[in-house]
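Below you'll find the structure, written out as structure tokens, and then a few comments.
The values are calculated or read from the model by the stated rules, or taken from the named source; none is laboratory data. Since we're looking at a predicted model, the values are computed, not measured. Backbone-built Cβ (ideal geometry, glycine too); neighbour counts: all protein chains shown. Ligands, DNA and RNA are stripped out before the accessible areas are found, and what is left, the full protein with its side chains, is counted by its heavy atoms. Shrake-Rupley method; radii C 1.70, N 1.55, O 1.52, S 1.80 Å.
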Amino acid sequence: MDYGLPAPPGGFDDASPETAMRSRCDRAWQWLTRWTLRRKILAGFVVSLVPLILLLAHTVEDRFAARRADELRSNREFAEAVAATLDAYVSDIDHQLLAQSFTLGWRLDLENRTVVQAYLALNRAPYPSLAALALTDPDGRLIAADPPQAVAAGLGDEPYIRAARDAPGLVVSDLLPAAGGAPPRFAAARSVQRAGGEVVGVLTAYVDAGSLGSVLGVDRPGHAAYAVLDRQGRVVYDSQHADLSWEQRDFSGLPQVQAAAQGRAATSASFASPIDGTRRLGAAVPVPRLGWIAMADRPVEEALGPIEDTARREAAIAALAVLAALLLAMALAVSLTRPLRTLQQAVAAVRGGDYGQRLDVRGRDEVADLMAGFNEMVARLEALEQERADFTAMISHDLRSPLTAVRGYAELLRRRAPGGERSQRMLASIVRESERVARLAADLGDSASAATGRLEIHPQRVDLAALVEDAVERLRAVDGSRPTRLDTPPGPLWVDADPVRIAQVLDNLLGNAAKYSPPDQPIIVQAWADTEARVSVEDRGPGIPPEELPHLFDRFYRAPNARRGTVAGTGLGLYISQAVAMAHHGLIAADSAPGQGSRFTLVLPLAAPPTRG
Ligand code: ADP
């Protein structure tokens, strides 16, 4: 066992720094893993709060999911409305073109450009969204256009012209790049046929892409944004951005746009706007007849912001509630365990021999009953201990005078009476035994005084090293054959101590070392000073098992090895020695390992050297 004592110089079995570190770690680990009542109560509260927190988180997540689904649904419905409106608008253009191409093909002389030009101007006028109306021959050569400069002279390479010439119905182009600073537009074209079905031209209406918003005139629910995309996934019209560069118009990378391009409506709970990078949620649906796409979306922040605020408020309230619950748990744990801790300390004090402990009983709960019971129990123990001490003191006192008389008379007889060798031996035995019983009586008296805190000491400034040397001399006088080693410092070791009592302690430690170790094994005695004065007595005996060490200084305690063996003893020596050391504000520490011997160290406070005179 390690009592945290510095080892004597050159002592045995010194604790290495690694061992000290390990034992510190062990202690820290034990402290951490100790399930005190307070920790249990707190853990119980925390565990019971976890389901509530999980439930709250789940509810919040549910609300977010529901809100997101709502938003996506309404965006999809909006996109479908945009698609339907666009479809209707394109149908309207188709009807116009159909009527005009009929008139152009059946009634008008297409060679007469002035008439054709006038007819085109007349038909474009009611439609401000039409950027131009143009008639080309089947090879794409311009016959007439309104306004006249709005269309290039040769359109033969334009895919929509060729497609319209070859197909009977309406052909709608993708978004056409802006030419010469003109805003982007798209074309809706139809072939112009004679009465016999011969294709004599292509009539094309160019729609200003930017004007789609006013043409469609859809209501934007909750400020949702919408966009119309061509087959390439390029923005034809965006309700929020009037001026977009050609690159900014490319939405083809969005998954919902790709799905809609393949004819499936799709939603996205979060995507980055290709225009400004903001996080948005929305839907994209196909516009079936055109193969175009209608999109509707909103910033995620705007859509989920209100419930995020609510969730944040709820989280703050929940955090406050959890904190309040924890504080309450802590207060409860402290108020419940405080009296128990007081009780624990009082029990420890009683275990250490302090029978004066009484607890302040408050309240009428179970703990109060327990405390009252403790007080009664300790009062009885104190009374019993007092009786025992009084009885022991009385026995010890009453034994001492007759024993002194017996020993005195036996001594006198031994010296005076002539008697033979046998009677001399018997008288010597009487002297020896009466001395032993007298020592026992004295020990009983000391232990009774120690138990009631009345052990008397008469301190004076003494040289502890000299006391140690005297004690070793006394041991050598009775146990001459045993090897003993004595290390004392060159100068005196001043302490304020009762020399008789300290000699008694040293005799006990040396006597035990001699008693419990084989006669041929050495006893090593060392005295030194560091912050305190220390004397260690070390033997090479059987040692003491670790579980015995804490009890060595108990009254009447004898370790099983001593009880089993033939070594005489009472179990009072170390008890009295410790009481003496403590009365001097010092202590005795035991340090032993089975099979390696034992070391007992007496520690006393150092005193200044005495002043001369
Ligand atoms: P006693 O020696 O009279 O039994 P002590 O109070 O002096 O009583 O010692 C208490 C017990 O401590 C002993 O019974 C013995 O078991 C153990 N003990 C004391 N010193 C030693 C030692 N040096 N080596 C082994 N055991 C010892």
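See the values below:
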{"item": "Residue check, ASP174 modelled with pLDDT of 90 or more and under 60 Å from the mean Cα position of the chain (by Cα)", "result": "yes"}
{"item": "Filtered residues of the range 66-111 (kept if open to solvent by less than 20 Å² (accessible area, probe 1.4 Å), of a type outside the set (Phe, Trp, Tyr) and touching a Lys or Arg at 6+ places or on another chain (Cβ under 9 Å))", "result": "GLU71, ASN75, VAL90, LEU97, GLN100, SER101, GLY105"}
{"item": "Residue in the range 154-168 that is farthest from SER211 (Cα to Cα), counting only those that are part of a loop (DSSP other than H, G, I, E, B) and in contact (Cβ under 8 Å) with a residue 24 or more places away in the chain", "result": "ALA167"}
{"item": "When residues of the range 520-529 are limited to those that are within 14 Å of the ligand (Cβ to nearest atom) and outside any strand (DSSP E or B), the one most open to solvent (accessible area, probe 1.4 Å)", "result": "GLN521"}
{"item": "Filter result for ARG558 (out of contact with any Pro (no Cβ under 8 Å at 6 or more places or on another chain) and either away from the ligand (no atom under 11 Å from the Cβ) or not hydroxyl-bearing (Ser, Thr, Tyr) (or both))", "result": "yes"}
{"item": "Any hit, the range 86-108, residues being within 60 Å of the chain's Cα centre (by Cα) and in a helix (DSSP H, G or I)", "result": "yes"}
{"item": "Which numbered condition ALA134 misses (of (1) part of a strand (DSSP E or B); (2) without any contact (Cβ under 8 Å) to a residue 24 or more places away in the chain; (3) closer than 28 Å to ILE293 by Cβ)", "result": "(2)"}
{"item": "Cβ-Cβ under 6 Å pairs, at least 6 apart or on other chains, the range 29-48 side closer than 20 Å to SER335 by Cβ, far side of a type outside the set (Gly, Ala, Ser)", "result": "LEU37/THR337; ARG38/THR337"}
{"item": "Some residue of the range 193-201 being under 23 Å from TYR127 (Cα atoms) and charged (D, E, K, R)", "result": "no"}
{"item": "Whichever residue in the range 530-555 is surrounded by fewer than 19 Cβ atoms within 10 Å (Cβ to Cβ) and acidic (Asp, Glu) and, among such residues, is farthest from the ligand (Cβ to nearest atom)", "result": "ASP530"}
{"item": "Enumerated strands (runs of 3 or more DSSP E) restricted to the range 448-518, each holding at least 3 residues that are open to solvent by 20 Å² or more (accessible area, probe 1.4 Å) and more than 16 Å from the ligand (Cβ to nearest atom)", "result": "460-463"}
{"item": "Residue match in the range 574-583 (condition: near the ligand (Cβ under 7 Å from one of its atoms) and either within 18 Å of GLY511 (Cβ to Cβ) or modelled with pLDDT of 90 or more (or both))", "result": "yes"}
